[in-house]
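Below is one structure; the comments refer to it alone.
Values in this text are rule-based calculations from the coordinates and carry no lab data. The structure displayed is predicted, hence computed values, not measured ones. Cβ: placed from backbone, ideal geometry, glycine included. Neighbour counts: every protein chain shown.
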Amino acid sequence: MIYLVTGKTGAGKTYYAKRLADEKKALLLVLDEWMEKLFVPDMDTSKVPDYKWMLERIARTESLMWNVAASTLRASRPVVIELSMTTRAQRKQQVERANETGGKLQILFIDAPQDVRRRRVEARNKRNDNTLSYDVTPEMFDFVEGLYEDLDASELRVACVVNNF
């Protein structure tokens, strides 16, 4: 079983994914944690990350994560994968990847109002307990927010929406 956890910045994706992985005794794969270890040390954190640079590394990391997920499924263990997936095309690609593994898929969209998510990100920055070693600035939050394509009717038919506020 593959549990694909997605949602907007600050919705509580990682928190939810960790609880779900514990409950299901599943392998947990969190994109931000992989990115933190593999690429953030090479980033100039004094400025907003270059979006193209990030997308290239995200694609490579997701590919590795799906390889690990497929191996885990072959060992008859469930997998929880947490990804942001801001566009419909990205979500479609991840569903296709999940289907290629042969595992049963459940999509969980973690949702919360924008003001709640923004406050969470601000509080997380102040607590210094980000998954990433850098703060998500208001400018970063707004940038990603502007990229996000809401789930369409066909996506909503197959996703379980979790209101997390």
Name the single residue that is surrounded by the most Cβ atoms within 10 Å (Cβ to Cβ) among those in the range 96-107 being in contact with a helix residue (DSSP H, G or I) (Cβ under 7 Å, 6 or more places away or on another chain) and touching a residue at least 60 places away in the same chain (Cβ under 8 Å).
ILE107
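Give the residue, chosen from SER84, SER46, that is farther than 15 Å from ILE2 by Cα and in contact (Cβ under 8 Å) with a residue 24 or more places away in the chain. Break it down stepwise before answering.
Details: SER46 fails: in contact (Cβ under 8 Å) with a residue 24 or more places away in the chain.
The conditions single out SER84.
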Restricting to the range 1-21, count the residues that are among the charged types (D, E, K, R), farther than 18 Å from LEU156 by Cβ and part of a loop (DSSP other than H, G, I, E, B).
0
Failed item in (1) assigned to a helix (DSSP H, G or I); (2) of a type in the set (S, T, N, Q); (3) loosely packed, with under 12 Cβ neighbours inside 10 Å, with SER76 passing the rest
(1)
Candidates TRP53, TRP34 - the one that is aromatic (Phe, Trp, Tyr), touching a Ser or Thr at 6+ places or on another chain (Cβ under 9 Å) and outside any loop (DSSP other than H, G, I, E, B)
TRP34
